[in-house]
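What follows is a short report on a single structure.
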Amino acid sequence: MIATATKLKHEVKDLSLAAKGKQRIEWAGREMPVLGQIRDRFAQEKPFAGIRLIACCHVTTETAHLAIALKAGGADGLLIASNPLSTQDDVAASLVADHGIPVFAIKGEDNATYHRHLQIALDHKPNIIIDDGGDVTATLIQERKNQLADIIGTTEETTTGIVRLKAMLKEGVLTFPAMNVNDAETKHFFDNRYGTGQSTLDGVIRATNVLLAGKTIVVAGYGWCGKGVAMRAKGLGANVIVTEINAVRAIEAAMDGFRVMPMSEAAAQGDLFITVTGNKHVIRPEHFEVMKDGAMVCNSGHFDIEIDLKSLGAKATGLREVRNFTQEYKLPTGKSIVVIGEGRLVNLAAAEGHPSAVMDMSFANQAMACEYLVKNKGKLEPAIYSIPEAIDQEIARLKLEAMGMAIDTLTPDQIEYMNSWTSGT
Ligand code: ADE
């Protein structure tokens, strides 16, 4: 059911889910003290007064806290989903009903609706874009050239979006500054590694309820996300194989204790395949062909392109839903392949995405990146900017403090030593 209010424009599944969403948003807030402090400061300082801001994010309890913090800072904001399957409908309802934030997102929305929501977001005439995967920025540049002059900048959440921004910059079409939130240390060290690691397996377990101990799990890609998935799969007792295209990362995986081999070999050995590469068709027909009967495949990379599901579907003689978010494809050989989460981000499709404690730091970076763009309006060339180290360190300091931990400080003698080069052996 689509509800559309007259006063506040929105498109969410069902506003009566708001009470449940409110409760879950409150729960997530317990694990998000850093963003909470930033929200309180924003409420005092109003850095976004007069700023129109659109966010294209997974609509989760954690994103709710980001949206609330930006609104507290005076932003005239609007939120859309960055993936058709990742929206938490109760959260979307609560943001509309309890916080007066326009949201256009429905779990399971089709591609046409997803793209219509993108256009609605751009109709809001944004000054700042928070992007997760680059779809809004790419659409703006391709279709809304007349709005480019309004843009103060964009902030990008994920590795895939950064790859796209670099391509835009190279082609000379990026006409405004872009903040690389993904590469902040307080983002990718924790969100990509521990967040993806835990939530991906959470998604697999919620969808299938299979025991992972003793299973052979093939992790495709050993970037920060792949490292996290492999580490957590090992911790649950799985036998982990890593596939890579980068020789250095392959050595790293081998020295971390994983077997490394090409997908052509791994395909016949895996019980469960998890793609986290950011590239397309990492698992394709020749791999499906040699997989074990009942092999399970899923993806935790940003887009649903890593598993060639079109080819699998074309070959299949039957397709049935065996559990929520779990579909079984029957092949002419009589074997079956199980696909979890329709090849979309399994952690968000079948579970709740990264836990709040890591999103606390990711979204603290997003919030402060937006503030940085506003403070430096007109001063930044079109380019991709790292999050300033001072912001990264401040977020780490606040997180550490919230975790009740203290660290050492250098003595004057140590500082002098670190700044000298004369004393050696
Ligand atoms: N990306 C991964 N997990 C997420 C979450 N919980 N909220 C928003 N974006 C996410």
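Only bridges with both residues in the chain count here: give the DSSP antiparallel percent, nearest 5. Bridges in the chain are about 20 percent antiparallel. Straight-line reach from LYS335: taking Cα to Cα under 20 Å and skipping same-chain neighbours fewer than 8 places apart, the lysines in range are LYS215, LYS292, LYS310, LYS315. Considering only beta bridges that DSSP places wholly inside the stretch 194-349, some 35 percent are antiparallel.
Packing, taken as the mean count of other beta carbons within 10 Å per residue, orders the peptides 366-376, 160-170, 219-229 from highest to lowest as 219-229, 366-376, 160-170.
Determine the calculated [θ] at 222 nm for the chain from helices alone, applying -39500 (n - 2.57) to every DSSP H run no shorter than 4 residues and normalising by the residue count; nearest 500 deg cm²/dmol. After summing the helix terms and dividing by the residues of the chain, the value is -12500 deg cm²/dmol. Among THR196, THR60, THR175, the largest mean-square fluctuation in a Gaussian network model of the chain (Cα springs under 10 Å) belongs to THR175. The stretch between LYS310 and HIS281, if pulled fully straight at 0.36 nm per residue, gains 9.4 nm over its current Cα-Cα span. Over all orientations, the stretch 42-178 has a Cα convex hull whose mean projected area works out to 7.8 square nanometres.
Panel values: the chain, Kirkwood radius from alpha carbon pairs, Stokes-Einstein at 10 °C and 1.306 mPa s, translational diffusion coefficient 71 µm²/s.
Along the Cα-to-C-beta direction of GLU401, a point sits 7 Å from the Cα; which residues of the stretch 37-71 have their amide N less than 15 Å from that point? Residues passing the 15 Å test: 37-42. To make sure I understand the rule: partners must be aspartates and glutamates, Cα under 19 Å from the Cα of LYS46, and not fewer than 8 residues away in the same chain. Which ones qualify? Filter leaves ASP76, GLU371.
Packing order of peptides 399-406, 52-59, highest average first: 52-59, 399-406 (average count of other Cβ atoms within 10 Å over each peptide's residues). Were the residues from TRP27 through ASN246 laid out at 0.36 nm apart, the gain over their Cα-Cα distance would be 74.8 nm.
Averaged over residues, the count of other Cβ atoms within 10 Å places the peptides 30-43, 379-392 in the sequence 30-43, 379-392, highest first.
If you plug the beta carbon distance of LYS9 and GLU321 into 1/(1 + (r/R0)^6) with R0 = 30 Å, you get a FRET efficiency near 0.35. Close amide H partners of ILE130, meaning residues 5 or more places away or on another chain with modelled amide H under 5 Å apart, are ILE54, ALA55, CYS56, THR155.
Rule-based calculations on the coordinates, nothing more; no lab input. Small disclaimer: the values here were computed from a predicted structure and weren't measured. Positions of Cβ are backbone-derived with ideal geometry, glycine not excepted, and every protein chain shown enters the neighbour counts.
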